[in-house]
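Engineer: There's a structure below that I have some questions on.
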Amino acid sequence: YSFKAYAINSVGISYGTVQNFTAIKATQTITFGPLTDKTFGDDSFELTGTASSSLALTYTSSNTAVATVSGTTVTILAAGTTNITASQTGNTNYDAATGVVQALTVNQANQTITFGPLTDKTFGDTPFALTGTASSSLALTYTSSNTAVATVSGTTVTILAAGATDIIASQTGNANYNAAANVNQALVV
């Protein structure tokens with residue numbers, strides 16, 4: 001920017017002096033506090049950081065396999081960790097702010113097994129299917145505690161002799177789910 005200053009001397013002649021000055025952009029800072037841990041399956045949530053300039057922040061996720069950011073909304077996609085970075089690039093009046101990084105941890109979700117009581121069978125009955133489910137929708141694994149009485153292949157139980165056995169339903173979990181507590185049901189043949 002420049003301006004001229006005018007003055008009148010003793011003979012009535014005016015003259016101007018050019019003075020230059022530079023307008024310096026203001027600095028700005030970002031306030032973006034720690035993020036609370038989440039669990040796989042949690043709803044999307046909003047980020048609430050602010051810039052001292054009142055300009056809008058931009059957010060990014062360092063691991064988009066774990067969580068993505070659209071505007072100020074974080075969507076959880078998997079268990080794991082990611083860094084969420086808040087940034088503000090500035091404008092004609094403000095310099096860019098130093099970005100602020102906060103870690104986001106997404107924990108594995110718990111799961112439960114639904115596996116109801118089994119009806120008594122008689123030696124010679126045809127093989128039958130097991131119908132348990134996991135709240136995670138992951139496949140269950142079944143085992144027989146007494147394979148002399150009955151065996152399990154996939155979800156099918158084959159009766160081999162009269163007696164008793166426990167059919168155990170299990171689900172070991174995966175990257176997003178913890179292992180479920182086993183559920184045992186007695187099978188009497």
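Engineer: What nm distance separates the two modelled labels at residue 72 and residue 139, each placed 7 Å from Cα along Cα→Cβ?
Structural biologist: Each label point lies 7 Å from its Cα, and together they span 4.5 nm.
Engineer: Using packing as a proxy for protection, rank 43-49, 104-110 so that the peptide with the highest average count of other Cβ atoms within 10 Å comes first.
Structural biologist: Answer by packing, highest mean first, reads 104-110, 43-49.
Engineer: In addition: Starting from the amide H of residue 160, placed 1.01 Å from N in the peptide plane, find each other amide H under 5 Å away whose residue is 5 or more places distant or on another chain.
Structural biologist: Amide H neighbours of residue 160: 150, 151.
Engineer: Once phi is turned into θ = phi - 60°, what whole-Hz ³J(HN,Hα) does the Karplus curve with 6.51, -1.76 and 1.60 give for every residue of the range 119-135, x standing for Gly and Pro?
Structural biologist: 6, 4, 10, 10, 3, x, 4, 6, x, 9, 9, 8, 10, x, 9, 10, 4
Engineer: Could you give me the ³J(HN,Hα) list for the range 57-71, computed from phi with Karplus coefficients 6.51, -1.76, 1.60 and θ = phi - 60°, whole Hz, x at Gly and Pro?
Structural biologist: 8, 10, 10, 9, 10, 7, 9, 6, 6, 8, 8, 10, 10, 10, x
Engineer: Between residue 126 and residue 172, what's the calculated FRET efficiency when r is the beta-carbon distance and R0 is 41 Å? Round to 0.05.
Structural biologist: In this case the efficiency is close to 0.85.
Engineer: Enter the per residue convex hull volume of the chain, computed from alpha-carbon coordinates, in Å³ rounded to the nearest integer.
Structural biologist: Convex hull volume per residue, Cα atoms: 108 Å³.
Engineer: Quick check on packing: order 23-33, 176-186 by the mean number of other C-beta atoms within 10 Å, highest mean leading.
Structural biologist: 176-186, 23-33
Engineer: What list of ³J(HN,Hα) couplings, whole Hz, do you get for the range 158-163 from phi and the Karplus terms 6.51, -1.76, 1.60, once you set θ to phi - 60° and write x for glycine and proline?
Structural biologist: Working through the residues one at a time gives 10, 7, 10, 6, 5, x Hz.
Engineer: Rounded to the nearest percent, how much of the accessible area of the chain (1.4 Å probe, protein heavy atoms only) is carbon and sulfur?
Structural biologist: Working: 5700 of 11110 Å².
Answer for the chain: carbon and sulfur cover 51 percent of the accessible area.
Engineer: How many percent of the alpha carbon pairs in the range 25-109 exceed a separation of 14 Å?
Structural biologist: Summing the P(r) of the range 25-109 above 14 Å gives 60 percent of all pairs.
The values are calculated or read from the model by the stated rules, or taken from the named source; none is laboratory data. Computed from a predicted model, the values in this text were never measured in an experiment. Please note: Cβ atoms are built from the backbone with ideal geometry, for glycine as well, and neighbour counts cover all protein chains shown. Areas reflect the complete protein model, heavy atoms only, side chains present, ligands, DNA and RNA absent. Shrake-Rupley method; radii C 1.70, N 1.55, O 1.52, S 1.80 Å.
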